[in-house]
Structures are given as structure tokens and as C-alpha cells.
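Just below is one structure, and these are the notes that go with it.
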């Protein structure tokens, strides 16, 4: 039987109408990926069909092939997505997640099964991070007719230099894909923190170091002040007790 390399983790996409949402959180050292697939039953496919259509063990890298007849069991030496499943009133929501080292995300099953080409770069010389794909749209829709929509959300605290997102909400950049969508993902970021975020972190660090420095430099003074405060408090409590 012909081997399959399964898109985004799902045999269940073949069954009936479903939507997928991909959430990425990006920083220079890693990319956290969470893929949510919501699948509803219809007149042809029941909730039981959907329940049995999703694998618990899906390899995170695209070089691992899954034969049609391979049992849904872990294999030694293979890394898998973390999988959870939530029952809905008319179907199931399956969630697959993993945190990749930045440089290895280009080998992730998700992006390679979804796009014809992908570029993931972290340039120390240019001080930029780049996530880019081809502009042909998702090949997933051709592979899995039951897939109706895909939404990709990329969250980053780093300054975004250029993007082609459909919408932006704070630091979350969103792309919407359907069967007729012909475009890709393009997100160019600075690999240094946004100035406001960096300033807040620096101010917090300075305050912490200043507080720590005072205690370290004047341990006896701090101890003496503590003893005096305790004596004053004890005297006040004693007077209150006598009056009472």
C-alpha cells in the first residue's frame, strides 16, 4: 500500500468539513507551534469516525513517513507532537503542539506539508529573523478536500519590519487561507526586542539590582533597622494590650 506523509497531523481531514488554526510564537532561539483542528460530524461521517481518524503519535519532522498500515504507536528514536483531544457537541477538536529550535523549524512536518517551499532564517549579521513561504497558497486543500479554512497566527514580541499579514492585533499577525487563496506567509522581524519591551525589562532589572545592591552593601544597617522596627511594633502592641 502506498506510503503517506500526513499533513499537519491528520487523517481526519479526509473525513468531513473541518477547519485548522496554527498558532506560532517566535523568538530567536525557538518557535512554539500549536495546531488546532476542529472537525464536525455530518450525515456521512459520525463522531466515532472522527475520533478514530486522528493519530495520537504524529512525528514532528517531515522526513518520517507513516505507512497506511502502521499502528498508532510510538517508535523509539522518533519525536512526536504532544496531542490532546476535546469532545465537542458535534465533533472533536484535536490539538498538536511542539516547541522547535529555531533552525530546525524549516524541517517541521506542518510547514513542509502545507507549502511548496519555506524559508526560516535568523541572521546575526543583519539582526533579522525571517519566516517566508511560496505564494501558491496551501497545497493542503488539494490533498485533503475536507479541509475548508486555515488560519495562521504568528505572535512575536520582536519588532516587525515587513509583513503581508491579513490582519494585525497587537503583536499577533494573522493570515487566512481557503481553497482559492493564492498567497504565502512573509514576516521579517528584528531579532532584538522591541524598544518598549526591552526598556521595561531593563528598568525592572535595574530596580532589582539596585535593591539587591543596597542590601548587600549595608547588611548590618538593614538588620539594625529591622530590629528597631520590631521593638517599636512590640511597644505599640504592648500599650494596646495594657489599655485593653
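The values are calculated or read from the model by the stated rules, or taken from the named source; none is laboratory data. Bear in mind that the values here come from a model prediction, so they are computed numbers and not experimental data. We place every Cβ from the backbone using ideal geometry, glycine too, and count neighbours over all the protein chains shown.
Here are a few things to note about the model shown:
- Residue 136 passes every criterion in (1) more than 23 Å from the chain's Cα centre (by Cα); (2) modelled with pLDDT of 90 or more; (3) loosely packed, with under 13 Cβ neighbours inside 10 Å apart from (3).
- Filter result for the condition that a residue is part of a loop (DSSP other than H, G, I, E, B) and in the same structural domain as residue 173 (by TED's automatic domain parsing), over 110, 132, 76: 76
- Scanning the stretch 160-195 for residues that are within 15 Å of residue 126 (Cβ to Cβ) and over 18 Å from the mean Cα position of the chain (by Cα) yields 161, 162, 190, 192.
- Residues located in the stretch 139-159, provided they are over 17 Å from the mean Cα position of the chain (by Cα) and surrounded by fewer than 20 Cβ atoms within 10 Å (Cβ to Cβ): 139, 142, 143, 145, 146, 148, 149, 159
- If you go through the stretch 154-179 and keep only what is out of contact with any helix residue (DSSP H, G or I) (no Cβ under 7 Å at 6 or more places or on another chain) and in contact (Cβ under 8 Å) with a residue 40 or more places away in the chain, you end up with 154, 155, 156, 158, 177.
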